[in-house]
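Working notes, structure below.
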C-alpha cells in the first residue's frame, strides 16, 4: 500500500502506487507539472551553485581542469594533422567543425542532466525513496542533483574550437539557411543527448547497475561524432542514423553545411530534421522514464 506524504505519493483503488510524476489531470495538469519541474530544477541547481561559489578558488581550478582535460581530445587531433593533411578526406577545420558541435551539444546536456547517471546508485541503496516522498517531480530532482557548474569548461572549449572552425572554413559557401542551421544543430543536439541521458537513467531502473552502459552511449557517442562518418563501418553509421539517431546531432546537418555527401546517400532534406528527431527522442525518453519509475520497487532500506 502506498503512503502519501505531502501529496507526493497517493494510493489507488487497487493498492498501486503512483508518484507525482504520474498524475494525469489533463493538458492543464501536465503543463502545471512541467512548470513545477522547471521550478524545482532551478531551485536545486541554484542551491548547488551557491555551494560551489562558496569555494571560488576550487571552482576555478576544477573548471580549468575540465577545460584542459576535454581540450586534450582536440589537441590529439591537431597533433595528428601535424603528420597528415587530411583525415578521411576531411581537413582540420572541417573536423574542428564536427568536433565543436559535438562538444557543445554534449557539454550542454552533461551540464543540465549529467547527474542522471547516478540513478542506478540511488536505486541500489534505496535513497531514491527520499525523492519519491517530496512534493516535486522526481525527474527534476535527479537531474539537478549535484549540479556541477564546472562542466562549463567542456562547453567553453567546444565553443572555442567551433569558433576556430567557422573562421577557418574558407571553402564553405555560407547562406542564410546554413548560418541558421548552426544554432539549430547545437540546440537539437543538446536535446538529443539529454534524451539519451534520461533514457539511460530509465534503463537503470531495470538493470540497477548500468551507468557504464549509459556512458557508452553518451560519452562514447560524443567522441564518435567528433570524427567524420566515412571513418566508420557502414553498419555503425546506419545504426546511429536509423536506430540510435545520434547522427542528427551533427553529422547529417553539418555535412550539408560543409557540402559533403553523407555515406548512406540520404537526401539533403534530412539535414533539417534534427528538431523533429530531438522532439521524438525526448518524447520516447519521457515515456521510458515514466515506465521505469512506475516499475520501481523500494529496497526497503
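Bear in mind that the values in this text are calculations on the coordinates, not laboratory data. From a predicted model like this one, the values you see are computed outputs, not experimental measurements. Here the Cβ positions follow ideal geometry from the backbone for every residue, glycine too, while neighbour counts run over all protein chains shown.
Points worth noting:
- Acute angle (nearest 10 degrees) that the helix 152-168 long axis makes with the longest principal axis of the chain, alpha-carbon atoms: 30 degrees
- Calculated mean residue ellipticity at 222 nm for the chain: -21500 deg cm²/dmol, from DSSP H runs with n ≥ 4 weighted as -39500 (n - 2.57), summed, divided by the residue count and rounded to 500.
- For the peptides 212-224, 105-117, residues were scored by their other Cβ atoms within 10 Å and the scores averaged per peptide; the highest-first order is 105-117, 212-224.
- Kirkwood-based shape ratio for region 37-128, expressed as Rg/Rh from alpha carbons: 1.12
- As a rough footprinting exposure proxy, the listed residues 145, 170 were ranked by other beta carbons within 10 Å of their own, and the order from fewest upward is 170, 145.
- Sorted largest first, the principal axis extents computed over the alpha-carbon atoms of region 148-262 equal 49, 37, 22 Å.
- Peptides 232-238, 186-192 ranked from most to least packed give 186-192, 232-238, packing being the mean of other C-beta atoms within 10 angstrom over each peptide's residues.
- Entry for volume of the Cα convex hull per residue in Å³ (calculated from the structure that is shown) out of (1) 155; (2) 127; (3) 204: (1)
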